1. For region 93-109, give me each residue that is open to solvent by 40 Å² or more (accessible area, probe 1.4 Å), closer than 27 Å to LEU58 by Cβ and hydrophobic (A, V, I, L, M, F, W, C).
2. Among all residue pairs at least 6 apart or on different chains, which show Cβ distances below 7 Å where the first residue, located in region 102-113, is within 13 Å of VAL85 (Cβ to Cβ) and in a helix (DSSP H, G or I) and the second is open to solvent by less than 50 Å² (accessible area, probe 1.4 Å) and of a type in the set (Ser, Thr, Tyr)?
3. Look at MET1 and say whether it is surrounded by 20 or more Cβ atoms within 10 Å (Cβ to Cβ) and not in a helix (DSSP H, G or I).
4. Inside region 192-209, can you point out the residues that are open to solvent by less than 20 Å² (accessible area, probe 1.4 Å) and either modelled with pLDDT under 75 or part of a helix (DSSP H, G or I) (or both)?
5. Quick one: in region 177-197, which of the residues that are of a type outside the set (Gly, Ala, Ser) and free of Cβ contacts under 8 Å to residues at least 60 places away in the same chain is farthest from GLY4 (Cα to Cα)?
Amino acid sequence: MKPGIFKAVIIGVCIAILGQFMGVNAVLYYGPSIFENAGLSGGDSLFYQVLVGLVNTLTTVLALVIIDKVGRKKLVYYGVSGMVVSLILIGLYFLFGDSLGVSSLFLLVFFLFYVFCCAVSICAVVFVLLSEMYPTRVRGLAMSIAGLALWVGTYLIGQLTPWMLENLTPAGTFFLFAAMCIPYIVIMWRAVPETTGRSLEEIERYWQQSK
């Protein structure tokens, strides 16, 4: 509950929850339904979802290789920027794809690009960052709080996505996911220290100085 450490816990909770409302688990959980809303057959929808899972897995491996070379925050900046672009393109596809006769392959490309950007950035970075940003003496409890927030966000997005797809339309849902990326990247930019190459003692001093 010390001011600096408490601030770090609150920031960790915010990025854990916001990360879920940027749509990654909605795509992974409800991908076949989303593809069917775009007019694909059940078989094509499942095939597209297999490709989504494959890209997610391979990109996560890539992220583990480059995270120390690129840096935690840079990966988030690049990845979330790509997520915003792809989410807007997906929303526009649902708005205008039929009337313009755009092929469903474009939707697949947008989805795969979104999953790539997400897996290489927030999905890989969040747990690494949470394990590094807290002092050793409180890390277990602080990470537990942030982890609980993350899974609460996962539960909420899992429950809310069908409602959003029906009431906000698929286009509105993806535009909302894109909007949620903005506060996430602002928090990362303004409030989270870069932990790459810094000792735990340096990171702790950062929080103590930012009370």
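The values are calculated or read from the model by the stated rules, or taken from the named source; none is laboratory data. As the structure is a computational prediction, the values presented were derived from the model and not from experiment. All Cβ positions, glycine included, derive from the backbone under ideal geometry; neighbour counts span all protein chains shown. Ligands, DNA and RNA are excluded from the accessible area calculation, which covers all protein heavy atoms including side chains. Shrake-Rupley method; radii C 1.70, N 1.55, O 1.52, S 1.80 Å.
1. PHE94, VAL102, LEU105, PHE106, VAL109
2. PHE110/SER86; PHE110/TYR93; PHE113/SER86
3. Here the answer is no, as MET1 does not meet what is asked.
4. Listed by number, the residues that qualify are ILE203, TRP207.
5. Among them, the one singled out is VAL186.
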